[in-house]
Amino acid sequence: MNDRYSRQELFPGIGEKGQEQLSRKHVLVIGAGALGSASSEALVRSGIGKLTIVDHDYVEWSNLQRQQLYTEKDATEQMPKAVAAQNRLTEINSPVTINGRVMEATAESLLPYLHDVDLIIDATDNFDTRMMINDLSQKYEIPWIFGSCVGSTGMSYTVIPGKTACLNCLLDRLPMGGATCDAAGIIAPAVGMVAAYQLTEAFKLLVNDLEALRGSLITFDLWNNQQYSMKTEKAKKSDCPSCGEHPTYPYLQYENQTKSMVLCGRNSVLIRSPQERNLSELQKTIQSLGETKINPYLLSLQYEGYRFVFFKEGRTLVHGTNSIEEAKKMYYKIIG
Amino acid sequence: MNDRYSRQELFPGIGEKGQEQLSRKHVLVIGAGALGSASSEALVRSGIGKLTIVDHDYVEWSNLQRQQLYTEKDATEQMPKAVAAQNRLTEINSPVTINGRVMEATAESLLPYLHDVDLIIDATDNFDTRMMINDLSQKYEIPWIFGSCVGSTGMSYTVIPGKTACLNCLLDRLPMGGATCDAAGIIAPAVGMVAAYQLTEAFKLLVNDLEALRGSLITFDLWNNQQYSMKTEKAKKSDCPSCGEHPTYPYLQYENQTKSMVLCGRNSVLIRSPQERNLSELQKTIQSLGETKINPYLLSLQYEGYRFVFFKEGRTLVHGTNSIEEAKKMYYKIIG
Amino acid sequence: MIKILLFAGLREEAGKSEIEIKADNLSISGLKQQLLETYNSLNLNGAMIAVNEEYATEDTVVKSGDVVAFIPPVSGG
Amino acid sequence: MIKILLFAGLREEAGKSEIEIKADNLSISGLKQQLLETYNSLNLNGAMIAVNEEYATEDTVVKSGDVVAFIPPVSGG
């Protein structure tokens, strides 16, 4: 076991000193889908000290094509991704402290984990959450690495509070990504490429080699053999509400108001409730409506062409609609 | 299970037609180390029909930092990589036909598998084997995708017999990579990046989208933010001994003569013998020399600062030396 | 000539990844207008803009020989 | 000026990824000689050569403004 990290220590950019630094770092990965699988696995293999991985979803068959931590068994059992991820990651590197957290990533839910986090890796699938991460990063002075992919394309950018432009500087408005996401699908190498960019920047930050950082937003299209890098020095805005001279962290405020959201490319609506649920009691109430399935974390129900998934801590996924109104109507019909 | 490949079918470059094509393809991955892990996992997840993965090595602790198919259990049990890979890949996608083969990749050993192979992915760690693959590819008209990585750098190139320049056209001589390989180590994102390039080209070939192929050799250095692409139209040589007008396939001939080789960056020598071994009998003979460990595939021995690993089908790895002579001397001392 | 690079969804909408436009000393917003005359279905709003690989805005003035990239943010993960 | 790009091990040996050399109408083998006068430890043999992103050989002649890349094959996997 002693030479476990020997190949990484031989790499001059890390070395024995860098390896020692890695072993004391705590990385927060937000999302345990395709990007989250790839990043968390590589970070755990590399021997970081502690990984927290947050996800509110469970493993489905359509995930297996690109989400490398999961197997058919996880899909059959509808395991929450954060639980399945923690199990696999522990098999990979048991000395690393791994916290899988089955929860939605919100400013409130993440706050308790931030005090010793050295770096946040974005592995979410929507800009609502990314903008919230961007504000948290600024407020608590934690660097974060944006990453996203669709089809054969992807992008990545590293945000360092007090130094680089932030995501809010780069984007004039909150992107509406629904159309592309629904239409374009995704292939695994696009995931691997974004994760490679994010991970390299992560290692540079974790071993404090700030000079090596890319300093630009990178984007690519693997199928069409495109690659592009955009320098961002000129993008930093002194009046940016997230990273400027008088920050108001707008997406921390906005976040507090969102109570339900359409999930991009999923034909699904997420409804949040602060109320914990007794799943087996709920099952008794609703089992006359249609087929139910239960495990310690969630209860699912097929009903009138929709599939409802009720999570213990209060969230509900309504599959089969992109309409919040429709989803809420059905939800209240069932929950009462 | 029905929407298992839905995200891939949504990607216009693949589509439902491409998915159907994938399901009838046989890919041969040579090497089950870092690149072989990444490529074979993504191909199996993508739903190809059949995968053959060939490797002569077993899982060691120092592999776990970057070889994504393996766990601590595999390292503890010294599982042959081809066996551990097959086990994990089967958990990931059981309908795919997966052949893990514990054997050295030579022209002779690979020949029985070539008749229905649509594509060869290079995941080896030396140019001896790559040049042999290059000649096999030309002789049997099977495309192959070169990939390699060291430190934070990597490269990839797609060879299509009768169309592109081959690896022998590109290289004036057989590269001597020992020094760099020993010195530079490797980080996981360099692996992920090469695999992403190889996999995208693989998908293009497997769904017959030849126009989308890159047509160039790509190289990068992630730590130093370099990226470079070299067009290769002018590289094709009509007198190339591998792909020219009168090919002699020199590396198929050379291959037949190699009987032992130094393993790059491993401080190890590989010695080949055509003789199968009875491992438990051998264990009895040598257990007085030092600590031995046995499983159905191999027997290992600690002896005078070296570690010997005897494989059932005749190979021996001698760890602890870069000298063929020294290794052979110790080998004959033990085997007699 | 100003060279325009299109990525991701924009590339698909235009059916090509590169477009050349005869222009000089033109703001990005002016360039967008010209582009939309020929490619009226292009959804350029929300795309990040780079000129010669540097971040740019609607006000940035481009000259002949410049390369302008429109990069629509993708959201999956 | 000819711009020279170095990759992987060559980059490490030179301690930099880019070198500029004052030259014009020079074969690659001539360029290599000039380069070795200053960077005598560079192991250029075995490296692939590209001029302006196209494959090139020792005989290829380069002009001022060209970009020459030396790409040593890496072997790991």
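The values are calculated or read from the model by the stated rules, or taken from the named source; none is laboratory data. Predicted, not measured: the structure shown is a model, and the values here were computed from it. Reconstructed Cβ throughout: ideal geometry from the backbone, glycine too, with neighbour counts over all protein chains shown. With ligands, DNA and RNA removed, areas are computed over all heavy atoms of the protein, side chains included. Shrake-Rupley method; radii C 1.70, N 1.55, O 1.52, S 1.80 Å.
A few remarks follow.
- A:Glu9 vs. criteria in a loop (DSSP other than H, G, I, E, B) and charged (D, E, K, R): no
- Within region B:1-30, the set of residues being open to solvent by less than 10 Å² (accessible area, probe 1.4 Å) and more than 13 Å from chain A (Cβ to nearest Cβ) comprises B:His26, B:Val27, B:Leu28, B:Val29, B:Ile30.
- Filtering region B:56-70 to residues that are outside any loop (DSSP other than H, G, I, E, B) and within 12 Å of chain A (Cβ to nearest Cβ) leaves B:Trp61, B:Ser62, B:Asn63.
- Taken over region B:230-251, the criterion of being surrounded by fewer than 18 Cβ atoms within 10 Å (Cβ to Cβ) and in a strand (DSSP E or B) is satisfied by B:Lys231 alone.
- Residue check, C:Ser17 open to solvent by 10 Å² or more (accessible area, probe 1.4 Å) and modelled with pLDDT under 95: yes
- Only one of B:Leu301, B:Leu289 that is modelled with pLDDT of 85 or more and either among the aliphatic types (A, V, I, L, M) or open to solvent by 60 Å² or more (accessible area, probe 1.4 Å) (or both): B:Leu301
- Taking region B:104-118 as the range and being modelled with pLDDT under 95 and part of a loop (DSSP other than H, G, I, E, B) as the test, the residues that pass are B:Glu104, B:Ala105, B:Thr106.
- Residues that are more than 19 Å from the chain's Cα centre (by Cα) and within 27 Å of A:Thr90 (Cβ to Cβ) do not occur anywhere in region B:22-32.
One line per residue, one yes/no per condition, for (1) among the β-branched types (Val, Ile, Thr); (2) crowded, with 19+ Cβ neighbours inside 10 Å; (3) at pLDDT 90 or above:
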{"residue": "C:Leu36", "(1), (2), (3)": "no, no, yes"}
{"residue": "C:Asn40", "(1), (2), (3)": "no, no, no"}
{"residue": "C:Asn45", "(1), (2), (3)": "no, no, no"}
{"residue": "C:Glu53", "(1), (2), (3)": "no, no, yes"}
{"residue": "C:Val61", "(1), (2), (3)": "yes, no, yes"}
{"residue": "C:Val68", "(1), (2), (3)": "yes, yes, yes"}
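- Residue check, B:Arg101 touching a residue at least 24 places away in the same chain (Cβ under 8 Å), in a strand (DSSP E or B) and over 20 Å from A:Gln68 (Cα atoms): yes
- Residue list for region A:288-326, restricted to those being assigned to a strand (DSSP E or B) and either outside the structural domain of A:Ser268 (by TED's automatic domain parsing) or free of Cβ contacts under 8 Å to residues at least 24 places away in the same chain (or both): A:Thr292, A:Ile294, A:Leu299, A:Gln302, A:Arg307
- Per this entry, A:Ala34 is counted among residues that are at the interface with another protein chain (Cβ under 10 Å from one of its Cβ atoms) and touching a strand residue (DSSP E or B) at 6+ places or on another chain (Cβ under 8 Å).
- If the condition is being at pLDDT below 85 and away from every other protein chain (no Cβ under 13 Å), then region A:262-277 contributes A:Arg272, A:Ser273, A:Pro274, A:Gln275, A:Glu276, A:Arg277.
- A:Ile53 vs. criteria more than 8 Å from every other protein chain (Cβ to nearest Cβ), modelled with pLDDT of 95 or more and not in a strand (DSSP E or B): no
- Any chance B:Lys73 is closer than 30 Å to A:Arg4 by Cα and facing another protein chain (nearest Cβ under 9 Å): yes
- Qualifying positions in region A:75-87 - crowded, with 20+ Cβ neighbours inside 10 Å and free of Cβ contacts under 8 Å to residues at least 24 places away in the same chain: A:Ala75
- Residue match in region A:7-14 (condition: within 30 Å of A:Met261 (Cα to Cα) and in contact (Cβ under 8 Å) with a residue 60 or more places away in the chain): no
- Of all residues making up region D:2-13, the number that are away from chain B (no Cβ under 12 Å) and either of a type outside the set (D, E, K, R) or open to solvent by less than 20 Å² (accessible area, probe 1.4 Å) (or both): 2
- Any helices (runs of 4 or more DSSP H) falling wholly within region A:123-229 and containing at least 2 residues that are free of Cβ contacts under 8 Å to residues at least 40 places away in the same chain and open to solvent by less than 10 Å² (accessible area, probe 1.4 Å): A:127-140, A:188-206
- Of all residues in region D:1-56, those satisfying the criterion of being small (Gly, Ala, Ser) and either free of Cβ contacts under 8 Å to residues at least 24 places away in the same chain or closer than 13 Å to D:Val68 by Cα (or both) are D:Gly15, D:Ser17, D:Ala23, D:Ser27, D:Ser29, D:Gly30, D:Ala47, D:Ala50, D:Ala56.
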